[in-house]
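All remarks here apply to the structure that follows.
The values are calculated or read from the model by the stated rules, or taken from the named source; none is laboratory data. Just so we're clear, the structure is a prediction, and the values are computed from it rather than from any experiment. These accessible areas exclude ligands, DNA and RNA; they are computed on the full protein's heavy atoms, side chains included. Shrake-Rupley method; radii C 1.70, N 1.55, O 1.52, S 1.80 Å.
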Amino acid sequence: MTESEDGRFRFAGLLPGTYDLCARSSGMRVGMLRGLVVRAGEKTGEVQLLLEPGAQLRVKYAGREGYLQYRVLCDGATVARDGVPAGGASETVVPAGRLVVESFKTLDLRATQELELAAGEERELVLDDPR
């Protein structure tokens, strides 16, 4: 992906399929575009992804050792993902609304939490080891 100063960005080399895009900008702005279809041999053309006020999510890992992975979903689409070392924290801008946070240390050890965030809200979520 490449980005220009006017906020335009370009993807190249995507395999045919249907994509959900999420973009973030300074000032807690975020946008989502769902169901973008890419076909083999065809140019997708101009697509607009509008940014709206989002929310700030700070994820802390209360575990004493290791690393915890997490991802944030909005209507089933991944809008953020990161990893946090024990005792550490990670911050990300997410869309306002209903979100699901999945955390995991391994594929067998997962936990899920639901959140509702308002535009402009800043929330801290403390995660422990999944059981």
Which one, [x] 92; [y] 106; [z] 125, gives volume of the Cα convex hull per residue in Å³ as derived from the coordinates shown?
-> [z]
Mind listing the long-range amide H neighbours of Glu121? Cut-off is under 5 Å, sequence gap 5 or more, other chains count too, H placed in the peptide plane at 1.01 Å from N.
-> Gln56
Could you work out how far the C-alpha centroid of the range 66-131 sits from that of the range 46-64, in angstrom?
-> 10 Å
Extension length gain for Arg10 and Lys43 (0.36 nm per residue less Cα distance), in nm, is 10.7 nm
Run the accessible area of the chain with a 1.4 Å probe and give the carbon-and-sulfur part as a rounded percent.
-> 46 percent
Please work out the average accessible area per residue across the range 13-130, using the 1.4 Å probe convention, and give it in Å².
-> 60 Å²
